[in-house]
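Presented below is the structure to which this report refers.
The values are calculated or read from the model by the stated rules, or taken from the named source; none is laboratory data. Since the structure is predicted, the reported quantities are computational estimates derived from the model, not experimental observations. Reconstructed Cβ throughout: ideal geometry from the backbone, glycine too, with neighbour counts over all protein chains shown.
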């Protein structure tokens, strides 16, 4: 009665081991990639909020500068010394707001640029995750139908996924715009 029961492993143990190894490697890569992608998305959200705030401040500075210009013009119509001094002050304030608006515009454009760069990296991580998910599914099917050919297809998808993931981490310019545009 002490017969050992062997669990069925299929006819091809080597294939099953390759599939298991593939699943482990891809699962770990996807987990690490997902953490980095989440951090990139947080950076993008901060850039977007900063950009909106900076453009709002830019608009406010432009309006304040315009108001000061109008005040300076109106005050120069009055020829008394106090009005002329106030006109000079308003003119200085208008120039200060113009400089402030220029600085804010530069900062807003920089935030937009960083958002765009991070968006391209986010695309790379998304593509990497997508291809690795396809690889996991195909690898699982290859174990069920006992096909090394399907496992090879899974490895091709995994290779693409890992390429995009590495490109995202290394900030490489690998970015298939046509594929991204199709998927968005």
| task | Look through 31, 61, 49 and report the one residue that is part of a helix (DSSP H, G or I), in contact with a helix residue (DSSP H, G or I) (Cβ under 6 Å, 6 or more places away or on another chain) and either free of Cβ contacts under 8 Å to residues at least 12 places away in the same chain or over 30 Å from residue 129 (Cβ atoms) (or both). | result | 61
| field | Any chance residue 159 is surrounded by fewer than 15 Cβ atoms within 10 Å (Cβ to Cβ), over 15 Å from the mean Cα position of the chain (by Cα) and under 13 Å from residue 26 (Cβ atoms) | value | yes
| message | Against the conditions (1) within 30 Å of residue 170 (Cβ to Cβ); (2) surrounded by 20 or more Cβ atoms within 10 Å (Cβ to Cβ), where does residue 143 fall short? Just the number, please. | response | (1)
| note | residue 109 vs (1) without any contact (Cβ under 8 Å) to a residue 40 or more places away in the chain; (2) on the phi > 0 side of the Ramachandran plot: all pass except (2)
| task | Would you mind stating whether residue 69 is at pLDDT below 95 and surrounded by 14 or more Cβ atoms within 10 Å (Cβ to Cβ)? | result | yes
| Inside the stretch 161-184, can you point out the residues that are over 12 Å from residue 126 (Cα atoms) and touching a helix residue (DSSP H, G or I) at 6+ places or on another chain (Cβ under 6 Å)? | 174
